[in-house]
Amino acid sequence: MRLFSQIFVERFAIRWLRPAGRCQGVWRVAFLLIFACLPCSWAFTAEGTLTITATDESSGEPTLARIELTRPTVTRPGARAVSRVQRVRKVKPLTLGTSVETGFGFVIDGSAKLDLHEAAYEFRVSRGPEYRVISGNFSIEKTSEDEHGFALPRILDMRSKGWTSGDCLVPVSRESLPIRMTAEDLHVVMTASDQAITDDELADLRATRERRELPALIDPMWIIPRAESVGGLTFYQPAASDSPATTDLELTTLQRLAQLASTRNSESPESAPENRGAAIAEMRVAIENPFTWPLPVYLASDQVDGYFVLGDWLRLDRSLMQMKDGRPFSDRKDRLATTLGREAEQIYWHLLNAGFRIVPLAGSGDEADLHPVGYNRLYVAGDAEPIGESKPVENATQWWAGAWAGRSFATNGPLLIASLDGHPPGHVFETTSANSFELTPELSLTVRDPVDYLEVIHNGEVHYSAKLDEYAKAKGKIPPIIVTESGWAVIRVVTLLEDHFRAATTAPWYFQFNGRQRVSKRSVDVFQEWLADYEEHLRSTSGKDLAAYAPFIRGARGFWQSRREAINAR
């Protein structure tokens, strides 16, 4: 019909618009405009209308939530199956501006009116990991007007237990970010921008919503600028750089790290990595892409504070088998959708085994665009001990202080509150004795997805592993960790999701004998091999100024050689 209207205009418009009687000309123009607009109205006229409303089950008040709307797909014999991701992309809200696009489904702002074609539909309504997912199906018939209400039950209130959620890197979206955050029950974000919503803007937004009787936004709303991602790293609160301008992002990043090292080394001893201040205004550096080629050089700078264990390689809108930029961690051919997530975790364990105390982070990453914010998130506890008495943080400065102290766990699903002898993650157990000691893990686990296993990892090796039913039969008791040398431990839980790696992991607890940290030969070998591969990669890449890279490569070689000389574990 659209093509027909174009032919009609091209062939007959000139003839109809020739000078004619006044009334006749007016009627011709009016008829032409009406006829040309008919295809557009037919194309977007729905066959039925659905009004959907989300409420909090406990209060009965309207709330914001994210809905994924799909059509059941009947696959013909021999035809290629259509994935759930593809089906979600096909069904979009069409009208009224009461919904916000997230790239995977859309946010309903308390309620939304959708114009839909006659069909059967499936839905999933969610509000972050602390709420149950509501799913089901419905049908739309011609000229029908239907309503569906969803009461979302909260399964756990993490803030009441002292834990506050945050996304450590969100691509900027100032207009919709507060609404998208609230729909995911997310409290803190760091935006990849030098702009954030001001207090006045947020106050105006709240007032407008109150006048329109729309659901309230999360209070307080902590949207913090600014983070900058470059060369596989994220710089938090970056200052203006004096590094020479270059189009080589890796070289620019190395120069910025060198500049940061020079600044930190000129400060007092309290600026050492383990003693750096908690102020949010201080520069921090995180490895945002664990597979980046210069990783061993970045680590050798000794300026890295954080590491994304969950990032933009774990997404709802697609399954990634390999990162497009970076060094493959393994050359295995039988890669699964979960492989990339497991490899990022293994690199982190090697990093800990090589003597680094770098905290885990989690977030959307710089590639996620409108991916739901907070899907990969970090929960941070207040500073009270024992952990059962922790109070929630009161502002973003406290949240980031807890994150950099490692009082946290990263997740894209399970809710894992764990302690070791009553201490939260990040705690350092120190001793000057040569005697071993025992530490008892305790945890509270809440999950919506089927769980594959629960594990305690000690120095990169499995100390305890159990299926969830086995853990329940043991009445939640885990054998104590017998600590005989310096090292670390984390607790993790992995689900059975097949689309990608869905899990939760605590930040490490550390064990230190006589002031020495663990340095493993196997892990030092991993990073020295990586460094050698990076040197070969630089030589084989055209357009690289190898002379400019040479000082950084020499410095990294010397750093890893000194780590080799400090090896005290296999």
Check: When you go through (1) under 30 Å from the mean Cα position of the chain (by Cα); (2) in a loop (DSSP other than H, G, I, E, B); (3) more than 30 Å from P414 (Cβ to Cβ) one by one for I567, which number turns out not to apply?
Finding: (1)
Next item on the list: Please specify each residue of the range 162-212 satisfying the condition of being surrounded by 13 or more Cβ atoms within 10 Å (Cβ to Cβ), assigned to a helix (DSSP H, G or I) and not charged (D, E, K, R).
Entry: L177, P178, I179, M181, T182, A183, L202, L205
Checklist line | Matching entry among R407, R448 (being within 27 Å of the chain's Cα centre (by Cα) and surrounded by 18 or more Cβ atoms within 10 Å (Cβ to Cβ)) | finding: R407
Margin query: All but one of (1) open to solvent by 20 Å² or more (accessible area, probe 1.4 Å); (2) under 24 Å from the mean Cα position of the chain (by Cα); (3) at pLDDT below 85; (4) more than 21 Å from E57 (Cα to Cα) hold for S229; state the number of the condition that does not hold.
Written below: (3)
Checklist line | Residue tally, condition modelled with pLDDT of 90 or more and touching an Asp or Glu at 6+ places or on another chain (Cβ under 8 Å), over the range 163-178 | finding: 2
Next item on the list: Six or more apart or on different chains, Cβ under 7 Å: which pairs go from a residue in the range 457-483 that's under 16 Å from S436 (Cα atoms) to one that's of a type in the set (D, E, K, R) and surrounded by 14 or more Cβ atoms within 10 Å (Cβ to Cβ)? Could you list them?
Entry: N459/R518
Check: W222 fails exactly one of the following numbered conditions: (1) at pLDDT below 85; (2) surrounded by fewer than 17 Cβ atoms within 10 Å (Cβ to Cβ); (3) in contact with a strand residue (DSSP E or B) (Cβ under 8 Å, 6 or more places away or on another chain). What is the number of that condition?
Finding: (2)
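For residues in the range 117-130 being more than 29 Å from R154 (Cβ to Cβ) and of a type in the set (A, V, I, L, M), which is most open to solvent (accessible area, probe 1.4 Å)?
By that ranking, first place goes to A120.
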Margin query: Please count how many residues of the range 131-179 are closer than 23 Å to L361 by Cβ, of a type in the set (A, V, I, L, M, F, W, C) and in contact with a Gly (Cβ under 9 Å, 6 or more places away or on another chain).
Written below: 4
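Can you tell me which residue in the range 236-261 is modelled with the lowest pLDDT, limited to those that are part of a loop (DSSP other than H, G, I, E, B) and acidic (D, E)? Please lay out each step first, then the result.
Step one: of the range 236-261, the residues part of a loop (DSSP other than H, G, I, E, B) are 237-248.
Those still in the list that are acidic (D, E) too: 242, 248.
On the way: D242: 54, D248: 88.
By that ranking, first place goes to D242.
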Margin query: I'd like to verify a number: residues in the range 327-348 that are of a type in the set (D, E), part of a loop (DSSP other than H, G, I, E, B) and closer than 21 Å to V493 by Cα, how many?
Written below: 0
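Is it the case, given these coordinates, that G365 is of a type in the set (G, A, S), modelled with pLDDT under 95, in contact with a Phe, Trp or Tyr (Cβ under 6 Å, 6 or more places away or on another chain) and more than 25 Å from W509 (Cα to Cα)? Steps first, please.
On the way: of a type in the set (G, A, S): yes; modelled with pLDDT under 95: yes; in contact with a Phe, Trp or Tyr (Cβ under 6 Å, 6 or more places away or on another chain): no; more than 25 Å from W509 (Cα to Cα): yes.
So G365 fails the test.
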Item checked: Residues of the range 466-500 satisfying the condition of being at pLDDT 95 or above, within 24 Å of A362 (Cβ to Cβ) and of a type outside the set (A, V, I, L, M) -> G487, W488, R492, T495
Next item on the list: Select from the range 469-480 the residues that are part of a loop (DSSP other than H, G, I, E, B) and farther than 17 Å from P424 by Cα and list them in ascending order.
Entry: A474, K475, G476, K477, P479
Margin query: So, in the range 401-439, how many residues would count as being more than 26 Å from V285 (Cα to Cα) and small (G, A, S)?
Written below: 6
Checklist line | Residue in the range 502-521 that is farthest from the chain's Cα centre (by Cα), counting only those that are in a loop (DSSP other than H, G, I, E, B) and closer than 15 Å to E455 by Cα | finding: P508
Note to self: I'm told T541 meets every condition in (1) in contact (Cβ under 8 Å) with a residue 12 or more places away in the chain; (2) open to solvent by less than 50 Å² (accessible area, probe 1.4 Å) except one. Can you identify the failing condition by its number?
What the structure shows: (1)
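Between A547, A566, which is open to solvent by 40 Å² or more (accessible area, probe 1.4 Å) and without any contact (Cβ under 8 Å) to a residue 60 or more places away in the chain? Outline the logic, then answer.
On the way: A566 fails: without any contact (Cβ under 8 Å) to a residue 60 or more places away in the chain.
Only one candidate qualifies: A547.
Looking only at the range 429-461, which residues are of a type in the set (D, E, K, R) and outside any strand (DSSP E or B)? Reasoning before the result, please.
Going residue by residue through the range 429-461, those that are of a type in the set (D, E, K, R) are 430, 438, 442, 448-449, 452, 455, 461.
The answer is R448, D449.
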Check: Just a yes or no: is a residue in the range 351-364 in a loop (DSSP other than H, G, I, E, B), out of contact with any helix residue (DSSP H, G or I) (no Cβ under 8 Å at 6 or more places or on another chain) and either within 30 Å of S160 (Cα to Cα) or without any contact (Cβ under 8 Å) to a residue 60 or more places away in the chain (or both)?
Finding: yes
Next item on the list: Mind listing whichever residues of the range 193-219 are more than 18 Å from L64 (Cβ to Cβ) and modelled with pLDDT under 80?
Entry: S193, D194, Q195, A196, T198, D199
Checklist line | Residues of the range 495-527 satisfying the condition of being of a type outside the set (V, I, T) and open to solvent by less than 10 Å² (accessible area, probe 1.4 Å) | finding: H500, F501, A503, A504, A507, P508, W509, F511, S520, S523, F527
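Could you please let me know if P414 is in contact with a Ser or Thr (Cβ under 9 Å, 6 or more places away or on another chain), open to solvent by 30 Å² or more (accessible area, probe 1.4 Å) and not hydrophobic (A, V, I, L, M, F, W, C)? Break it down into steps so the answer makes sense when it comes.
On the way: in contact with a Ser or Thr (Cβ under 9 Å, 6 or more places away or on another chain): yes; open to solvent by 30 Å² or more (accessible area, probe 1.4 Å): no; not hydrophobic (A, V, I, L, M, F, W, C): yes.
No.
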Notebook entry, point to check: What are the residues in the range 130-156 that are more than 35 Å from the chain's Cα centre (by Cα) and polar (S, T, N, Q), if any?
Noted result: T143, S144
Notebook entry, point to check: If you check every pair at least six apart or on different chains, which have Cβ atoms under 8 Å apart with a residue in the range 412-438 that is in contact (Cβ under 8 Å) with a residue 60 or more places away in the chain and over 28 Å from A362 (Cα atoms) first and a residue that is part of a loop (DSSP other than H, G, I, E, B) and among the acidic types (D, E) second?
Noted result: none
Check: In the range 213-229, how many are in a loop (DSSP other than H, G, I, E, B) and in contact with a helix residue (DSSP H, G or I) (Cβ under 6 Å, 6 or more places away or on another chain)?
Finding: 3
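Listed here are the residues, each with its yes/no results for (1) open to solvent by 10 Å² or more (accessible area, probe 1.4 Å); (2) over 30 Å from G555 (Cα atoms); (3) not in a loop (DSSP other than H, G, I, E, B).
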| residue | (1), (2), (3) |
| --- | --- |
| H463 | yes, yes, yes |
| I482 | yes, yes, yes |
| V493 | no, yes, yes |
| E535 | yes, no, yes |
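The values are calculated or read from the model by the stated rules, or taken from the named source; none is laboratory data. Fair warning: this is a prediction, and the values are worked out from it, not measured in the lab. Please note: Cβ atoms are built from the backbone with ideal geometry, for glycine as well, and neighbour counts cover all protein chains shown. What goes into the accessible areas is simple: the full protein's heavy atoms, side chains included, and nothing from ligands, DNA or RNA. Shrake-Rupley method; radii C 1.70, N 1.55, O 1.52, S 1.80 Å.
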